[in-house]
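Step one of this worksheet: look at the structure below.
Please treat every number below as a calculation from the coordinates, not as lab data. None of these values were measured; they are calculated from a predicted model. Cβ atoms come from the backbone with ideal geometry, glycine included; neighbour counts cover every protein chain shown.
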RNA sequence: GGCGGCAUAGCCAAGCGGUAAGGCAGAGCUCUGCAAAAGCUCCAUCCCCAGUUCAAAUCUGGGUGCCGCCUCCA
């Protein structure tokens, strides 16, 4: 079964074929000028899952994600606060990485920064000038869009149609209003570097072209980012890279949909964004991932304050099931068994679910469908657990269920709490003792005392469930 | 004005020509001293109109309504 992805460049799903021994991925990272918000989390979580899935399928990945640490907004903020732009950028870059760590997002292999690649940028601009795709005017260097016949191929725009409707001030030095800056002449109170065209700084788009070429070469596999970047950012990247090298930039362009904040219940005072830090104060990171992955990566999603609370119950059922499975197979020697009857049926369901999960992910990384598959398996497993079997066959098939859940929902999607049952030495034996005593009380029909114990434990955050096959306990689903 | 996307049950959300996945909420039942958990069952013909087809939520045309991009944004 092959992997198919929707390629923005061709506007259709294509079979993914990787050349070379690893999959090269470039995802447009953030411009670190403010705190990391939920919108940033979407592509990060999506690519985290894509990478983990690809590796589960046996591929090797190499992921590069930039920090655009030289930019108008950073400079504006730095000047307003009387600080150094690079220091501001460094601070919010750290905020970004810390937020992503907290969301369980695996780090990229490289996080190149613009400020550390001025030389690479200058040489790319030089080759663009040499190939007559760029021109110098008064210390500025502009890309000449008319010189690149494919301009507009990603965003499906035509040059002459793009010219209408421009509302911004056009630099009179440009040959064409759509020409964009590769190098900006130095201005007062802005950082600047030496270049063949005088002091200045790079334009917005060139860094991605220069850094992706340096670390991934031509025609790497995946280029990702938010769909708001299609034009002009990615369109310009294509023009620069392909103009400079004469070779395709990337083979598959994947763009995620936007996450918008519903205005109804505005959070905090400023702006309509929710920071990761604030969200994680109230909700576990795995629930945030569950939310993001519950819809397809290309669709738009709307967030509001109650969203995660609404999704919490369904999500919690996975964790409960994992805890129960772990409890059932804990301290048991698991030996592979020849399965018959109900165990064979369940084992078959588990195997099929894993295949369906793969099919879903192979189809343009359909995590929403993949999660539905896991819910179906959840029913099967819970139904079997309720039977209360404790044979070697049961142990084996439950261990299989545990393995598949923790691999698919845990390792790949990252939607399961890993610290489900953080036990300190005495907790387990004490709980055993309490449950035994309480069972004895119930046998003597002393329900008042038994209920008192249950209520008291509940107030301590421990839930007791009396199943048909004896009591079990778990920590309350607070965090 | 140009480009792109979306409209599926109370809410969220898959589906991409073969007769509507999944989750939340809701109803009923089973288990149970009670509670919780779990299981089972029930709950939509897919914005409107007109076409194509043996067959359309899925394709085509026309509406209507949202959203994104065209200026910084993941």
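The table below gives the values:
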item	result
Residue A:227-residue A:448 FRET efficiency (beta carbon distance; Förster radius 60 Å; 0.05 resolution)	0.50
At R0 = 45 Å, FRET efficiency that the Cβ-Cβ distance of residue A:376 and residue A:155 yields, to 0.05	0.70
Convex hull per residue volume in Å³, alpha carbons only, for region A:155-242	150 Å³
Region A:64-144: equivalent-ellipsoid semi-axes (sqrt of 5 x gyration tensor eigenvalues, Cα, Å)	30, 19, 9
Alpha-carbon gyration tensor eigenvalues x 5, square-rooted, for region A:278-412, Å	30, 17, 11
Inter-part distance where region A:324-348 and region A:198-216 are each reduced to a Cα centre, Å	55 Å
Rounded tilt (10° steps) of A:206-216 against the dominant C-alpha axis of chain A	60 degrees
Along principal axes, Cα extents of region A:427-475, largest first, whole Å	26, 21, 18
Gain on full stretching of the segment that runs from residue A:258 to residue A:326 - 0.36 nm per residue minus C-alpha separation	20.7 nm
Segments A:28-40, A:172-184, A:382-394 sorted - mean Cβ within 10 Å per residue, highest first	A:28-40, A:172-184, A:382-394
Sites residue A:193 and residue A:146 - FRET efficiency at Förster radius 35 Å, r taken between beta-carbons, to 0.05	0.80
For chain A, diffusion coefficient by Stokes-Einstein and Kirkwood Rh (Cα), 25 °C, 0.890 mPa s, µm²/s	96 µm²/s
Pairwise centroid distance, computed over Cα atoms, of region A:354-423 with region A:446-479, Å	26 Å
Packing-based ranking, highest mean first, of A:326-339, A:231-244 given that Cβ atoms within 10 Å are counted	A:231-244, A:326-339
Residues of region A:299-338 with amide N under 12 Å of the 7 Å Cα→Cβ point at residue A:403	A:334-337
Packing-based ranking, highest mean first, of A:340-351, A:83-94 given that Cβ atoms within 10 Å are counted	A:83-94, A:340-351
Using alpha carbons only: equivalent-ellipsoid semi-axes of region A:321-479, gyration tensor based, whole Å	32, 19, 14
For region A:4-256: Kirkwood Rh in Å [reciprocal of mean 1/r, alpha carbons]	18.9 Å
